[in-house]
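A.B. asks: Take a look at the following structure, please.
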């Protein structure tokens, strides 16, 4: 995904701009909400290695939502400050660090 941020910058910027415009357009908001639901399901399916039509609502909301939140946050960082945006390794290390803090497991060395 990260590689596509630079290669398709115009598309990702348009997505952010559409999200802002959705605040003023109920129809656009509903279209984008439907796209988010579909995106969460697809992300969860890819992560689980299962067909999209077999993804449960809890998996969509937990796995898909968190993965989408990470992607959205990285996208914004990449668009604004690509030189300091996290790469794949940093994201993985961050997830492991957050998991350790939440669960009380030992943290990785910095």
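A.B. asks: Output the residues belonging to the stretch 42-64 that are surrounded by 17 or more Cβ atoms within 10 Å (Cβ to Cβ) and under 24 Å from residue 17 (Cβ atoms).
C.D. replies: Applying the first criterion (surrounded by 17 or more Cβ atoms within 10 Å (Cβ to Cβ)) to the stretch 42-64 yields 43-45, 55, 59-60, 63-64.
Answer for the stretch 42-64, where residues must be surrounded by 17 or more Cβ atoms within 10 Å (Cβ to Cβ) and under 24 Å from residue 17 (Cβ atoms): 43, 64.
A.B. asks: When you go through 101, 84 one by one, which is the residue that is part of a helix (DSSP H, G or I) and over 17 Å from the mean Cα position of the chain (by Cα)? I'd like the intermediate steps shown before the answer.
C.D. replies: Working: 84 fails: part of a helix (DSSP H, G or I).
Result: 101 is the single residue among 101, 84 that is part of a helix (DSSP H, G or I) and over 17 Å from the mean Cα position of the chain (by Cα).
A.B. asks: Which number in (1) part of a helix (DSSP H, G or I); (2) more than 12 Å from the chain's Cα centre (by Cα); (3) without any contact (Cβ under 8 Å) to a residue 60 or more places away in the chain marks the one condition that residue 40 misses?
C.D. replies: For residue 40, the exception is condition (2).
A.B. asks: While we're on this one: Filter the stretch 70-89 for residues that are free of Cβ contacts under 8 Å to residues at least 12 places away in the same chain and closer than 21 Å to residue 44 by Cα; which is surrounded by the most Cβ atoms within 10 Å (Cβ to Cβ)?
C.D. replies: Among those residues, the one meeting the criterion is 72.
A.B. asks: Determine whether residue 13 is surrounded by 12 or more Cβ atoms within 10 Å (Cβ to Cβ), within 29 Å of residue 81 (Cα to Cα) and in contact (Cβ under 8 Å) with a residue 60 or more places away in the chain. Break it down into steps so the answer makes sense when it comes.
C.D. replies: Details: surrounded by 12 or more Cβ atoms within 10 Å (Cβ to Cβ): yes; within 29 Å of residue 81 (Cα to Cα): yes; in contact (Cβ under 8 Å) with a residue 60 or more places away in the chain: yes.
Considered against the rule, which asks whether it is surrounded by 12 or more Cβ atoms within 10 Å (Cβ to Cβ), within 29 Å of residue 81 (Cα to Cα) and in contact (Cβ under 8 Å) with a residue 60 or more places away in the chain, residue 13 comes out as yes.
A.B. asks: Any residue at all in the stretch 3-19 that is part of a helix (DSSP H, G or I) and under 29 Å from residue 106 (Cα atoms)? Steps first, please.
C.D. replies: So in the stretch 3-19, the residues part of a helix (DSSP H, G or I) come out as 3-7, 9-19.
Filter again for under 29 Å from residue 106 (Cα atoms), leaving none.
No, that holds for no residue.
Rule-based calculations on the coordinates, nothing more; no lab input. This structure is a prediction, so every number in the text was calculated from the model and none was measured. No Cβ is skipped: glycine too gets one built from the backbone with ideal geometry, and neighbour counts run over all protein chains shown.
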